[in-house]
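Everything on this sheet refers to the single structure shown next.
The values are calculated or read from the model by the stated rules, or taken from the named source; none is laboratory data. Owing to the predicted nature of the structure, the values given are computational and were not obtained by experimental measurement. Virtual Cβ from ideal backbone geometry, glycine too; neighbours counted across all protein chains shown.
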């Protein structure tokens with residue numbers, strides 16, 4: 001599992017983004033804020049527990065998250081919002097996702 005250092009912008013938008021994604025019936029898997037070639041990107045990775053995520057799902061999430069972020073304006077400069085599915089076969093990114101997978105399989109892990 002790759003741990004990412006969260007920057008202050010991810011911390012600012014995380015509660016907003018997570019609430020919108022949950023309201024739409026999906027799970028937020030990862031959120032990153034990066035600068036590539038002098039362009040800022042806010043990238044969201046989402047999944048659904050029972051089905052694959054469609055392009056329409058990503059468009060709906062982008063529209064709704066965009067509205068919320070525009071109204072609260074936590075990032076004081078321009079950026080591109082990207083929403084993507086985590087894909088069919090990927091390694092879990094966050095410990096929350098490990099817990100989700102374990103819960104769905106009925107396994108209990110105690111340390």
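Selection of segment 60-78 for residues being surrounded by fewer than 17 Cβ atoms within 10 Å (Cβ to Cβ), farther than 13 Å from residue 13 by Cα and in contact with a strand residue (DSSP E or B) (Cβ under 8 Å, 6 or more places away or on another chain) yields 62, 77, 78. Being surrounded by 16 or more Cβ atoms within 10 Å (Cβ to Cβ) and modelled with pLDDT of 90 or more is a description that does not apply to residue 24.
Can you confirm whether residue 40 is part of a strand (DSSP E or B) and in contact (Cβ under 8 Å) with a residue 40 or more places away in the chain? Reasoning before the result, please.
On the way: part of a strand (DSSP E or B): yes; in contact (Cβ under 8 Å) with a residue 40 or more places away in the chain: yes.
In short, yes.
Residue selection: residue 45 fails the criterion of being without any contact (Cβ under 8 Å) to a residue 12 or more places away in the chain and surrounded by 11 or more Cβ atoms within 10 Å (Cβ to Cβ).
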